[in-house]
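Student: Sharing a structure with you now.
The values are calculated or read from the model by the stated rules, or taken from the named source; none is laboratory data. Keep in mind that what you see is a predicted model, and the values were worked out from it rather than measured. Here the Cβ positions follow ideal geometry from the backbone for every residue, glycine too, while neighbour counts run over all protein chains shown.
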């Protein structure tokens with residue numbers, strides 16, 4: 001997120017102020033929490049950025065984000081240009097105003113979380129979203145539609161919005177950005193040290209996996225519940241399981257190697273040749 005100087009509370013009807021973004025100063029006039037942003041260039045020209053909405057925000061994220069085996073890359077300049085283009089700003093001003101446009105669209109004029117009740121999405125919901133978000137390109141390759149994927153995530157994780165009756169599609173861009181940040185953080189769950197251990201795939205990882213799955217199976221817990229349990233309690237649980245679980249059957253002895261006998265082949269035909 002780009003850093004900007006603090007501005008007054010945008011709940012006020014409207015006001016003019018000067019903000020600093022990445023060391024650049026911009027003179028702006030904010031038209032309230034849901035109004036447009038009027039700005040002034042260094043040459044004294046005035047432009048107005050229209051409110052940036054939910055659909056436009058997701059489409060621009062989809063257009064300017066690439067996800068592949070190497071990770072995720074985001075074209076912030078391309079995103080900012082879409083914001084400026086949406087408001088009819090001349091392309092000759094894109095370079096100068098791109099930092100301000102990105103700040104405006106990503107929630108710079110908004111403070112605080114979006115009032116909403118959230119829940120983590122389930123494994124099946126995430127799997128279905130992935131399946132339905134992979135699209136085929138004209139060259140035959142397949143890629144993830146981030147627009148579809150993020151919409152599915154929000155629809156699954158946002159239980160209610162405030163005020164009552166509010167809908168996702170009615171959110172402005174800054175609110176969309178803030179809500180996405182909350183929902184993505186919620187669904188990532190935060191990586192634990194144990195997650196890193198399991199990914200190492202070494203001897204310690206196998207031992208942790210065996211104990212974790214053993215307790216999950218016995219108690220109906222999730223791995224996070226097992227890992228959050230005090231060590232002494234885990235020791236007690238393992239001791240109780242050792243007493244109550246049926247012993248693991250001993251492996252069957254390996255067959256003794258011997259030379260084959262005629263009796264091993266009941267269908268064999270014996271031809272006897274005698275000298276006369």
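Student: Yes or no: residue 47 in contact (Cβ under 8 Å) with a residue 40 or more places away in the chain and surrounded by 15 or more Cβ atoms within 10 Å (Cβ to Cβ)?
Tutor: Details: in contact (Cβ under 8 Å) with a residue 40 or more places away in the chain: yes; surrounded by 15 or more Cβ atoms within 10 Å (Cβ to Cβ): yes.
Taking the combined requirement at face value, the residue satisfies it.
Student: Could you count how many residues in the range 220-238 are outside any loop (DSSP other than H, G, I, E, B), under 31 Å from the mean Cα position of the chain (by Cα) and loosely packed, with under 10 Cβ neighbours inside 10 Å?
Tutor: Number satisfying all stated conditions: 1.
Student: Mind counting the residues in the range 1-30 that are in contact with a strand residue (DSSP E or B) (Cβ under 7 Å, 6 or more places away or on another chain) and either over 11 Å from residue 100 (Cβ atoms) or modelled with pLDDT under 50 (or both)?
Tutor: 13
Student: Which one of these does residue 63 not meet: (1) free of Cβ contacts under 8 Å to residues at least 40 places away in the same chain; (2) more than 28 Å from residue 133 (Cβ to Cβ); (3) touching a helix residue (DSSP H, G or I) at 6+ places or on another chain (Cβ under 8 Å)?
Tutor: Answer for residue 63: the failing condition is (2).
Student: In the range 119-219, which strands (runs of 3 or more DSSP E) lie fully inside it and hold 2 or more residues that are touching a strand residue (DSSP E or B) at 6+ places or on another chain (Cβ under 7 Å) and over 19 Å from residue 65 (Cα atoms)?
Tutor: 158-161
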